[in-house]
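Peer 1: Structure provided below as structure tokens; questions to follow.
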Amino acid sequence: MEQVIVITGPTCSGKTRLSLNIAGILNTEIISADSRQVYKFLDIGTAKPSAAELKQIKHHFVNYLYPDENFNVSDFENKALEIIHEIHSANKIPVVTGGSGLYIKALIDGIFNSVDTDQEYRIELLNKKKVLGNQYLYDELKKIDPVSTSKMLSQNFKRVIRALEVYHLTGRPISELQKEYTRNINFKFYQYGLNWERKILYANIEKRVDDMIKAGLVEEVKGILEKGYDKNINALNTVGYKEIISYVNGGINLDRAIELIKRNTRRFAKRQMTWFNKDKRIKWISLHDIEELHSAADQIINEIHKKIKTI
């Protein structure tokens with residue numbers, strides 16, 4: 001059985017630092033489960049590992065694509081499974097780290113992706129969304145697949161549309177098909193989450209945003225736009241980037257942009273914790289100070305030593 005260490009938690013919780021500590025001790029590689037660090041040029045706003053850290057420890061899915069290239073959770077699942085095999089073939093145990101909950105869930109449990117698409121039907125649904133709104137599509141899905149709607153928000157219209165499309169094509173709820181979907185893999189995932197008191201986490205967020213501005217986030221955003229990338233591409237529809245884009249375009253002043261980044265990052269962290277708390281397999285490590293990450297790394301490695309014999 002191939003073992004995999006997974007480090008997750010909300011934004012600004014210290015996942016990168018902890019993963020670097022563990023990977024360094026184990027002399028292994030890191031697989032990033034961050035849906036934005038995958039893009040080149042998005043460095044400061046994604047809190048990407050530094051050039052020195054990337055040189056020290058091999059990272060997968062960091063600076064992997066250009067901002068206008070497509071990358072989805074299914075791409076991540078399939079490629080990450082291949083990389084895990086490659087790392088194990090070198091007698092190393094990979095460390096997966098990131099806060100993109102859907103990426104981690106897809107890697108561990110699989111994501112149903114065998115039903116084809118129907119472009120005409122999708123266009124029909126998108127037109128309904130424009131006229132009637134997200135909530136209408138969500139309510140339509142709820143009538144046929146309440147199990148799926150209980151696991152998603154109406155704002156996530158792409159998932160809502162996909163679920164409606166699958167039902168349209170198969171006559172069966174996507175939740176039923178996902179339940180039947182299994183993968184032939186022989187992995188053991190050890191999941192650890194970093195948990196902070198909300199007050200401390202929010203203070204960490206405030207500091208990180210201030211540090212990002214000082215590090216040149218505004219200049220980074222301007223540079224990306226000057227390269228010719230459309231402000232509306234998915235990669236830039238991200239907390240930190242969309243607010244600075246609004247500032248650069250004259251929609252708001254810089255102080256307001258910073259205020260919005262902090263607020264939206266707090267909200268994002270809250271949504272992340274709501275997602276991760278549903279997975280009872282995650283072992284949470286409570287932290288009160290960033291320096292405690294060193295002892296957290298030792299704790300995780302000691303526990304893994306006891307559970308497996310291949311380290």
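Peer 1: Having 3 or more residues that are within 22 Å of the chain's Cα centre (by Cα) and in contact (Cβ under 8 Å) with a residue 40 or more places away in the chain is the bar; report the helices (runs of 4 or more DSSP H) wholly within region 167-240 that clear it.
Peer 2: 198-215, 217-226
Peer 1: Can you name the helices (runs of 4 or more DSSP H) wholly within region 58-135 that have at least 1 residues being assigned by TED's automatic domain parsing to the domain that holds K15 and crowded, with 20+ Cβ neighbours inside 10 Å?
Peer 2: Passing ranges, in order: 73-89, 101-109.
Peer 1: How many of the residues making up region 39-58 are touching a helix residue (DSSP H, G or I) at 6+ places or on another chain (Cβ under 6 Å) and closer than 19 Å to N72 by Cα?
Peer 2: Final tally of qualifying residues: 2.
Peer 1: A further question follows. Scanning region 1-16 for residues that are among the hydrophobic types (A, V, I, L, M, F, W, C) and assigned to a loop (DSSP other than H, G, I, E, B), which turns out surrounded by the most Cβ atoms within 10 Å (Cβ to Cβ)?
Peer 2: C12
Peer 1: Identify, from the list R263, R256, R281, R267, the residue that is modelled with pLDDT of 95 or more and over 27 Å from L217 (Cβ atoms).
Peer 2: Matching residue, one of R263, R256, R281, R267: R281.
Peer 1: Based on this model, can you work out whether V218 counts as aliphatic (A, V, I, L, M) and either at pLDDT 95 or above or more than 30 Å from E140 (Cα to Cα) (or both)?
Peer 2: So V218 passes the test.
Peer 1: Can you run down the residue pairs with Cβ atoms below 7 Å, 6 or more apart or on separate chains, where the first is in region 45-62 and farther than 18 Å from Y103 by Cβ and the partner is of a type in the set (D, E, K, R) and assigned to a helix (DSSP H, G or I)?
Peer 2: Hits for this filter: G45/E220.
Peer 1: Answer with yes or no whether R256 is surrounded by fewer than 21 Cβ atoms within 10 Å (Cβ to Cβ) and either in contact with a Ser or Thr (Cβ under 9 Å, 6 or more places away or on another chain) or farther than 25 Å from R198 by Cα (or both).
Peer 2: In short, yes.
Peer 1: Tell me yes or no: at least one residue of region 38-53 is in contact with a Lys or Arg (Cβ under 7 Å, 6 or more places away or on another chain), of a type in the set (A, V, I, L, M) and in a strand (DSSP E or B).
Peer 2: Looking through region 38-53, none of the residues is in contact with a Lys or Arg (Cβ under 7 Å, 6 or more places away or on another chain), of a type in the set (A, V, I, L, M) and in a strand (DSSP E or B).
Peer 1: Turning to a different aspect of this structure: Which ones in region 145-165 are part of a helix (DSSP H, G or I) and either charged (D, E, K, R) or surrounded by fewer than 17 Cβ atoms within 10 Å (Cβ to Cβ) (or both)?
Peer 2: Of everything in region 145-165, those that are part of a helix (DSSP H, G or I) and either charged (D, E, K, R) or surrounded by fewer than 17 Cβ atoms within 10 Å (Cβ to Cβ) (or both) turn out to be P146, V147, K158, R159, R162, E165.
Peer 1: Separate question: Go through (1) touching a helix residue (DSSP H, G or I) at 6+ places or on another chain (Cβ under 9 Å); (2) over 30 Å from A257 (Cβ atoms); (3) in contact (Cβ under 8 Å) with a residue 60 or more places away in the chain for I108 and report which single condition fails.
Peer 2: (1)
Peer 1: Restricting attention to region 264-282, report how many residues are loosely packed, with under 14 Cβ neighbours inside 10 Å and closer than 12 Å to L194 by Cα.
Peer 2: Here the count works out to 1.
Peer 1: Failed condition for D279, given (1) of a type in the set (D, E); (2) assigned to a helix (DSSP H, G or I); (3) within 18 Å of the chain's Cα centre (by Cα), with all others met?
Peer 2: All conditions pass for D279, except number (2).
Peer 1: So I300 fits all but one of (1) farther than 19 Å from R36 by Cβ; (2) among the β-branched types (V, I, T); (3) in a loop (DSSP other than H, G, I, E, B); what number is the exception?
Peer 2: That leaves (3) as the condition not met.
Peer 1: Which residues, counting only those in region 17-45, are of a type in the set (S, T, Y) and either buried (at least 24 other Cβ atoms within 10 Å of the Cβ) or touching a Phe, Trp or Tyr at 6+ places or on another chain (Cβ under 8 Å) (or both)?
Peer 2: S19, S32, S35, Y39
Peer 1: Evaluate the following for Q272: is it assigned to a helix (DSSP H, G or I) and under 16 Å from T46 (Cβ atoms)?
Peer 2: Yes, satisfied.
The values are calculated or read from the model by the stated rules, or taken from the named source; none is laboratory data. Quick caveat, the model's predicted, so the values are computed rather than measured. Cβ: placed from backbone, ideal geometry, glycine included. Neighbour counts: every protein chain shown.
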